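Beneath this line is the structure, given in structure tokens, with notes to follow.
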Amino acid sequence: MKRLLLFLTCCVFISVNAQDINLELYGSGFFSPVNVKHAGDDRLFVVERAGYIKILNNDGTVNTANFLNIDARVTNNGGEQGLLAMAFHPNYSSNGFFYVNYINNSGDTVISRFTRLSPGLADPNSEVILLTISQPFSNHNGGDMHFGPNDGYLYISTGDGGSGGDPGNRAQNLNLLLGKMLRIDVDGTSNGNYGIPASNPFVGNPSALDEIWAYGLRNPWKFSFDRSNGDMWIADVGQSAREEINRVPASSTGGENYGWKCFEGNSVFSSMTECNTITHQPPVSEYVYGGNPFRCSITGGYRYRGTIQTGLQGRFFFADFCSDEIGVVTETSPDNYSLSFLDQFTNEGFSAFVEDVNGELYAVGLISGNIYRIEDANLSVSESNINDIKMYPNPADDVVTFDLESTSVQLSDIKFYDVLGKQIYTHANFNNQLVTIPLDNFKSGLYIIELLDNQGSTSIRKLIVD
């Protein structure tokens, strides 16, 4: 029962005037969280800008001990510096390796590997520095990292080096690692503590650095891979006119030029001579800087590929840090996309999105220090009588009963999900009007119940098991 009370304390429903999505509090008490990843299990690892990584468990509790503390090595003067991201090695369960991206005390970007000591603790003395990138200014550090789902290589997003307007034209300079998407082989040693994939697009080009996968980015604060098809989605923060979203098909061989500083989104930014010769890869979606509410900085997320929020399937989620709005990009027809803003949630400062091991999505508030689970506000809205089906008792102890006597609905399934969206039980036998399901094998906690009828209607319930 203690575990259940802890969960309910941490997962209080937030009432907002949302029309399309709801945010449900999942974890709280973090200080400037900027990145969250899973390690192949139901925990979330929360990166705090000051130099800490903390473990958020699936009951909403946070481990007392930090998973990693490198505060002394990290410059965190606010803004865009600090410990920015982490990524787990594809074989983390066996080798214990994970990678971090941070700004060191010299103000430069460091990509390092650390090793796990135990499931809840990393060894801060195990650092192996793979790559250091000189930063001319304190802003535009990019900073996200992911392993490619199809190739196992580490992808790293870097900003253009800062200031404003890319004064050194660094994003277009193939002899610099700034304003780029990099791809390295962490299991290789051809370049010191890492290798260069032979298929990188500029390998063998004396006028370019081998690590570069794509270029022409201003400040790709967040990117992700679509777990369904391997496409990469990049959210690139604009200067003062456009915020843009780029989609990279899984079939890409790299080498794309996203245009900065010649282009800002689809708009011309610079008329310098070099811009007359580039091939610009335009974004799939963009929105205008400014307006009311004031929009100024995009935070990229993920394409929803979970199982619970059926109405959100396939939508790419993003947010604007300044307006506190969450929006989506929807594929209206093959390779055609539309962008819309869903809802505004004040005093959050969304800095990241999270995809858990089951594909469910969460939003991260830098200002609030909270992590919220994203829910489809319309999920249980149906004209069908399926909503008339009674479920009792709730909370339940030994059994839960579904009463079909007062409805003509023909159910096809009753599905049980845990709080992370993992389907754990299905009932499909409806010979009786009273369906009683034993709960002997269910742990205490909160469960999501999905009722499905033969017409495709659904009803979502929440069940508490004592």
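Bear in mind that the values in this text are calculations on the coordinates, not laboratory data. Given the structure is predicted, the values throughout are model-derived calculations rather than measurements. Don't worry about glycine lacking a Cβ; one is built from the backbone with ideal geometry, like all the others, and counts go over all protein chains shown.
From the phi angles alone, apply the Karplus equation (6.51, -1.76, 1.60; θ = phi - 60°) to region 219-228 and give each ³J(HN,Hα) in whole Hz, x where the residue is Gly or Pro.
After applying 6.51 cos²θ - 1.76 cosθ + 1.60, I find 8, x, 4, 9, 9, 7, 10, 6, 5, 7 Hz.
Read through the labelled values (1) 34, 32, 21; (2) 41, 25, 20; (3) 47, 32, 18 and report the label of the one computed as semi-axes √(5λ) of the Cα gyration tensor in Å from the structure.
Of the listed options (1) 34, 32, 21; (2) 41, 25, 20; (3) 47, 32, 18, (2) comes from this structure.
Just from the alpha-carbon atoms, what are the Rg and Dmax of region 31-72 in angstroms?
In Å, with Rg to one decimal and Dmax whole: 9.9, 31.
Let me spell out the model: positive unit charges on the Cβ of Lys and Arg, negative unit charges on the Cβ of Asp and Glu, origin at the Cα centre of the chain. What dipole size does that give, in debye rounded to 20? Intermediate values should be presented prior to the final figure.
Details: 29 positive and 52 negative charges, 171 e Å.
Roughly 820 debye for the chain.
Report the percentage of all Cα-Cα pairs in region 7-148 whose separation exceeds 22 Å, rounded to a whole percent.
Across region 7-148, Cα pairs with separations above 22 Å total 41 percent.
Report the gain in length on full extension from Gln433 to Asn95: 0.36 nm times residue separation, minus Cα-Cα distance, nm rounded to one decimal.
Details: separation 338, 0.36 × 338 = 121.68 nm, distance 5.22 nm.
The span from Gln433 to Asn95 would gain 116.5 nm if fully extended.
In nm, give the distance between the simple-model label positions of Phe137 and Asn454, each being 7 Å from the Cα along the Cα-to-Cβ direction.
Label at Phe137, label at Asn454, 6.6 nm between them.
Could you tell me the distance between the Cα centroids of region 162-227 and region 42-100, to the nearest Å?
If you average the Cα positions of each part, the centres end up 24 Å apart.
Which whole-percent values make up P(r) of region 270-371 when all C-alpha to C-alpha distances are grouped in 5 Å steps starting at zero?
Result, from short to long distances: 2, 12, 19, 20, 17, 13, 8, 5, 3, 1, 0 percent.
At 0.36 nm per residue, minus the direct Cα-Cα distance, what do Asn77 and Tyr425 gain on full extension? Give it in nm, one decimal, please.
On the way: separation 348, 0.36 × 348 = 125.28 nm, distance 4.82 nm.
Roughly 120.5 nm would be gained on extension.
Using a cut-off of 12 Å between alpha-carbon atoms, which aspartates and glutamates can reach Lys415, once sequence neighbours fewer than 8 places away in the same chain are excluded?
Of all the aspartates and glutamates, those that pass the test against Lys415 - Cα under 12 Å, at least 8 places apart if same chain - are Glu450, Asp453.
How much length would be gained if the chain were fully extended between Lys462 and His280, taking 0.36 nm per residue of separation minus their Cα-Cα distance, in nm to one decimal?
Values: separation 182, 0.36 × 182 = 65.52 nm, distance 4.85 nm.
Extra length available between Lys462 and His280 comes to 60.7 nm.
For Asp123 and Thr330, what is the calculated FRET efficiency with R₀ set at 30 Å and r taken between the beta-carbons, to the nearest 0.05? Don't skip to the end; give the middle numbers.
Details: r = 44 Å, r/R0 = 1.46.
So, using R0 = 30 Å, E works out to roughly 0.10.
In whole angstrom, how long is each semi-axis of the equivalent ellipsoid of region 321-416, when you take the square root of 5 times every eigenvalue of its Cα gyration tensor and sort them from largest down? Mind dumping the intermediate values first?
Numbers: eigenvalues 242, 82, 34 Å².
Equivalent ellipsoid of region 321-416: 35, 20, 13 Å, largest first.
Sorted from largest down, what three extents in whole angstroms do the Cα atoms of region 166-238 have along their principal axes?
Projected onto the principal axes, the Cα atoms of region 166-238 cover 38, 35, 19 Å.
How large is ³J(HN,Hα), in whole Hz, for each residue of region 355-368 in order, when computed from phi with the Karplus curve 6.51 cos²θ - 1.76 cosθ + 1.60 and θ = phi - 60°, using x for Gly and Pro?
These are the phi-based 3J(HN,Hα) values: 10, 7, 4, 9, x, 6, 10, 9, 10, 10, x, 5, 6, 6 Hz.
For Lys261, give me every one of the lysines with a C-alpha distance below 28 angstrom, ignoring sequence neighbours fewer than eight places off in its own chain.
Cα-Cα hits under 28 Å: Lys180, Lys222.
Could you compute the FRET efficiency for Val399 and Thr307, with r as their C-beta to C-beta distance and R0 at 25 Å, rounded to 0.05?
Working: r = 25 Å, r/R0 = 1.00.
About 0.50, to the nearest 0.05.
Given H placed on each backbone N at 1.01 Å, which residues far from Ala85 in sequence or on other chains put an amide H within less than 5 Å of it?
Correct list: Asn101.
Calculate the dipole size of region 339-466 relative to its Cα centre from +1 charges on Lys and Arg beta carbons and -1 charges on Asp and Glu beta carbons; express the result in debye to the nearest 20. Walk me through the numbers on the way to the answer.
Numbers: 7 positive and 19 negative charges, 22 e Å.
The calculation lands at about 100 debye.
Test of understanding: express the Cα radius of gyration of region 91-182 as a ratio to 2.2 N^0.38 Å, with N the residue count. Mind dumping the intermediate values first?
Working: Rg = 14.9 Å, N = 92, 2.2 N^0.38 = 12.3 Å.
Ratio of Cα Rg to 2.2 N^0.38 Å: 1.22.
Based on the alpha-carbon gyration tensor of region 106-149, what equivalent-ellipsoid semi-axes (square roots of 5 times the eigenvalues) come out, in whole Å, largest first?
That gives 24, 14, 9 Å for the three semi-axes.
Along its principal axes, what span do the Cα atoms of region 117-232 show, with the longest given first and each in whole Å?
Principal axes ranked by extent give 46, 33, 31 Å for the Cα atoms.
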